[in-house]
1. For S183 and A389, calculate 0.36 nm times their separation in residues minus their Cα-Cα distance, and state this gained length in nm to one decimal.
2. For segment 191-389, with the dipole built from +1 on Lys and Arg beta-carbon atoms and -1 on Asp and Glu ones, taken about the Cα centre, which of V352, G230, N218 lies farthest toward the positive end?
3. Treating the beta-carbon of each Lys and Arg as +1 and of each Asp and Glu as -1, no other charges, what is the dipole magnitude of segment 3-64 about its Cα centre, to the nearest 20 debye?
4. Evaluate E = 1/(1 + (r/R0)^6) for K53 and A350, where r is the Cβ-Cβ distance and R0 equals 41 Å; express this FRET efficiency to the nearest 0.05.
5. In whole Å, what three semi-axes, largest first, describe the equivalent ellipsoid of segment 191-389 built from its Cα gyration tensor (square root of 5 times each eigenvalue)?
6. Over segment 234-352, what is the percentage of antiparallel beta bridges among all DSSP beta bridges, to the nearest 5?
7. If packing is taken as the average number of other Cβ atoms within 10 Å across a peptide's residues, how do 346-354, 40-48, 330-338 rank, most packed first?
8. When D151, D15, D65 are ordered from fewest to most other Cβ atoms inside 10 Å of their Cβ, what list results?
Amino acid sequence: MEAGTLVEWLIEPGDTVKRGDVIAVVETQKGAIEIEIFQTGTVHHLEAELGQKLPVGAPLAMILDEGEKAPAAPKPAPVVVEPKAAPAPPSEEAAAPPPVPPAAPPRPATPALPSGGLAASPAARHRAAEHGIDLTTVKGSGPGGVIQLGDVERIVGTTSEVAAAKPSSPMAEMRKAIAAAMSRANRDIPHLYVSQTIDLKPATEWLEKANRDREPANRLLIGALFVRAGAFAAAKVPVVNGQYHDDGFQPSKTVNAGMAVALRGGGLVAPAIMDTETLTLDETMAAMRDLVTRARAGRLRGSEMSMGTITISALGETGAEAMTGVIFPPQVALVGIGAPKRRPWVVGDAVVPRQTVTVTLSLDHRVGDGRQAARFLTEFENLMQTPEAL
């Protein structure tokens, strides 16, 4: 995003805030984003007004640390009153009254339009036809009410202004945001793609046992295993985990796994689960459900949209068997997971039917190469073969 509109304040002067508190809501191209505070202090004053459109990085409010004094208000600049110039004496020409022009001859009256008739110039009729304007709705300004070209042009201009002033739909804004991010990714990031097909039998059998005594609302989905495996593999291969900025690659000490969420009305967002590697499998599943719910309600947090270090995008239970994703800048890697497919699989010396999935890593070639990408996929596969360790 480049700018956002402040739509809600959740604090006021005098309030005490701490790190992680949501203080405001900003409307962006991808919906409403909750803005968090990253330090503890007291709200001194609010600088931004509701409804104000602000560029990224603009100050919203002033927060004072404990014991910090408010900055002194700047002194107003002194007002300098310029002396008025003495009025110039009137000249003889200015004093003399202007000559009175001769009266114009009276214009002959134009006969009224015949009953039921519609008088319009050929140019007005042609212009109206071009824009689908009904001439019976146009008031003529010509003699006797004749519709002239200027009368039609005024209607055309008003229609154009209304169309230009009409805000685009949320989906149109969503597509603009996606287009901007993906265009930047394809322009600035040299993508490297490495794929591997993985046997899902150990994971599906373990999930079946784990969910046997669970209520439907508390059951684990294989997507949670994908997120956990991706986070652990990223922790073991740090070159895929971080962000690339103007000063180069900045690896992250924690894994904030972004999760691609398809919205019901169309479009896509990729909020991050913060510190994914520290969560249990059940906590990861709960965090995924929470993110999906809030993403579709348009109430994500700013940190979730900006602090992701790697994104995991899965097509779900049905769909194409493989997906090559575009990296979400400023991240350096994206894990694309196709839909599980039943296929022949070699086990020892036998060929048996197995549920498999194809995993593709998109990696920024500025920070890594095929060797690191292959290592990540090997770690991912090993983790999926031992789901009880997740």
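1. Result for the pair: 70.3 nm of gain on full extension.
2. Most positive-ward Cα: N218.
3. 200
4. Using R0 = 41 Å, I get an efficiency of 0.05.
5. Output for segment 191-389: semi-axes of 25, 22, 15 Å.
6. 65
7. 330-338, 40-48, 346-354
8. D65, D15, D151
Read-outs throughout are calculated quantities, based only on the coordinates presented, and are distinct from any laboratory measurement. Everything numeric here is computed off the predicted structure, so don't read it as measured data. In this analysis, Cβ positions are derived from the backbone assuming ideal geometry, glycine residues included, and neighbour counts consider all displayed protein chains.
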